[in-house]
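Enquirer: Take this structure first; my questions come after.
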Amino acid sequence: MHEYSLVEALVRRVEAEARKRRAVAVHKLSVRVGELSGVDPELFATAYETFRAGTVCEKAPLAVSRVAATWSCPACGKAIAKGAVLRCAACGEPARLDDGGDALMLDGIEMEVP
Ligand SMILES: [Zn+2]
């Protein structure tokens, strides 16, 4: 399962951050999942529930927020409507996918630093 290896990478990264800041516990994690990231938010959450036991994230609930894929014109910044031709009607530039629409991002870590 693709989501499982992503969760593993996420937990390893949180462990590294916690170590760097000498945190004693991690209380909460939040991630943003882009609509076109190829990540299934439900599978990701399920994989996290399985994986977090015995890790620094054991007591940290995960908040997953979805980021819709949106497109805009790189020249004039005009938003391109969903389902429309991916080209700006005003300048003819090919539309560009806005940030986050195809990414899995670690949004925040709440940790306890003594
Ligand atoms: Zn334009």
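What follows is calculated from the coordinates using simple rules that are stated; it is not laboratory data. For clarity, every value in this text was computed on a predicted model and none was experimentally measured. Because the Cβ atoms are built from the backbone with ideal geometry, glycine has one as well, and the counts that use them run over all protein chains shown.
Enquirer: Is it the case that the range 34-46 has a residue that's closer than 30 Å to L86 by Cβ and of a type in the set (S, T, N, Q)?
Expert: yes
Enquirer: Would you check if there is a residue in the range 48-71 being within 16 Å of the ligand (Cβ to nearest atom), free of Cβ contacts under 8 Å to residues at least 60 places away in the same chain and surrounded by 15 or more Cβ atoms within 10 Å (Cβ to Cβ)? If you could, list the steps in order and put the result at the bottom.
Expert: Our first condition is that a residue be within 16 Å of the ligand (Cβ to nearest atom); within the range 48-71, this holds for 70-71.
Going one step further and asking which of them are free of Cβ contacts under 8 Å to residues at least 60 places away in the same chain, we end up with 70-71.
Among the residues that remain, those that are also surrounded by 15 or more Cβ atoms within 10 Å (Cβ to Cβ) are: 70-71.
Yes, the range 48-71 contains a residue that is within 16 Å of the ligand (Cβ to nearest atom), free of Cβ contacts under 8 Å to residues at least 60 places away in the same chain and surrounded by 15 or more Cβ atoms within 10 Å (Cβ to Cβ).
Enquirer: Further question on the same structure: Can you tell me how many residues in the range 72-105 are within 15 Å of the ligand (Cβ to nearest atom) and charged (D, E, K, R)?
Expert: So the count comes out to 5.
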